[in-house]
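The values are calculated or read from the model by the stated rules, or taken from the named source; none is laboratory data. On a predicted model such as this, the values are computed, not experimentally measured, just so you know. Reconstructed Cβ throughout: ideal geometry from the backbone, glycine too, with neighbour counts over all protein chains shown.
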Amino acid sequence: MIKLLLFIPFLLFVCYGDNQRPQISVTGQASVIVDPTDVTISFTLKTKEEEASKALTDNNKKLNSLVDAFKALNITEDELGTSSFTVNSVYENVYVTDHYENIFKGYEAEQTLSVNTKKFSLAGKLIDTAIATNDDTTVNSVDFFVDETTKKQIKNDLIENAVLDAKNRANLALNVLDYQVDQINSLNLNDFNDGAWNEFRPLIKSVTGDFTNLFSGASEISFSVSASFSIKKLN
């Protein structure tokens, strides 16, 4: 959700081009404060048993029970995904008499389940539910971001506003000199820094009573253009 649109100070100068027509060069900028649209939470479930098949079976049971618990919170199949699955032999370095030996301790099955949702109000509850369902569940990460559709719309709006800002500010300065913008000579659009879309303020996690609350900050995204206009006398 867009909260606030800011216009940032510009650079401006007037000169004469090759055709000796006066022109003005100006930098227009636009900024917007955005909230994330999605949150992704990643969980890892581990199970260690003496037999690989037992570790796998028990781990699948844990995964299924966690999926069922999330669905009970109104999380859909489309919002769930598994990103990794491994079964490894487990050894422990044990001191025996006068030396260390790697002693076989069984097998460990590990699966990662992620939830990608727009339901921010459930973020803390998902973590509480995962830990309550399986004590050995690990919360790997909590990431807030802007979805591609919203990102594209914001980019388009910023480009439009930055260009309008350049034109309006050029006319504002020229009006004092009884001039106005005539036509565009050149326009350069700067690249967006896509990494900025995920640079939300650090996650704040608090515990209120028996519930975990997660909060995401907003992020400021800006865009600038450099434009050159030929100018003419006011009518």
- So is Thr44 part of a strand (DSSP E or B) and within 18 Å of Thr212 (Cα to Cα) or not? no
- Do any residues in segment 120-135 that are under 19 Å from Lys61 (Cβ atoms) have Cβ atoms under 6 Å from those of residues that are of a type in the set (S, T, N, Q) and buried (at least 16 other Cβ atoms within 10 Å of the Cβ), where the two are at least six apart or on different chains, and which pairs are they? Ala130/Thr137; Ile131/Thr137
- Query: Could you count how many residues in segment 118-134 are surrounded by 20 or more Cβ atoms within 10 Å (Cβ to Cβ), touching a strand residue (DSSP E or B) at 6+ places or on another chain (Cβ under 6 Å) and more than 18 Å from Thr44 (Cβ to Cβ)?
  - Reply: 1
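Can you say whether Ala170 is in contact with a strand residue (DSSP E or B) (Cβ under 7 Å, 6 or more places away or on another chain), surrounded by 15 or more Cβ atoms within 10 Å (Cβ to Cβ) and either at positive phi or not assigned by TED's automatic domain parsing to the domain that holds Phe70 (or both), as far as the supplied structure shows?
yes
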- Per the filter on segment 118-155, residues assigned to a strand (DSSP E or B) and either out of contact with any Pro (no Cβ under 7 Å at 6 or more places or on another chain) or modelled with pLDDT of 90 or more (or both) are Thr137, Thr138, Val139, Asn140, Ser141, Val142, Asp143
- Query: Just for segment 138-158: of the residues that are closer than 12 Å to Ile41 by Cβ and hydroxyl-bearing (Ser, Thr, Tyr), which one is farthest from the chain's Cα centre (by Cα)?
  - Reply: Thr138
- Among the residues listed as Leu189, Leu203, Leu164, the single one being surrounded by fewer than 16 Cβ atoms within 10 Å (Cβ to Cβ), more than 20 Å from Lys119 (Cβ to Cβ) and modelled with pLDDT under 95: Leu189
- Task: Could you figure out which of (1) in contact with a helix residue (DSSP H, G or I) (Cβ under 9 Å, 6 or more places away or on another chain); (2) of a type outside the set (Ser, Thr, Tyr); (3) surrounded by fewer than 16 Cβ atoms within 10 Å (Cβ to Cβ) isn't true of Asn102?
- Result: (1)
- Note on the structure: For segment 41-57, pairs from a residue that is exposed (fewer than 15 other Cβ atoms within 10 Å of the Cβ) to a residue that is small (Gly, Ala, Ser), with Cβ under 7 Å and 6 or more apart or across chains, are Glu50/Gly106
- Just wondering, is there one or more residues in segment 37-47 that are touching a Phe, Trp or Tyr at 6+ places or on another chain (Cβ under 7 Å) and either over 30 Å from Lys152 (Cβ atoms) or at pLDDT 90 or above (or both)? yes
- Number of positions in segment 61-78 that are of a type outside the set (Ser, Thr, Tyr), in a helix (DSSP H, G or I) and out of contact with any Phe, Trp or Tyr (no Cβ under 8 Å at 6 or more places or on another chain): 11
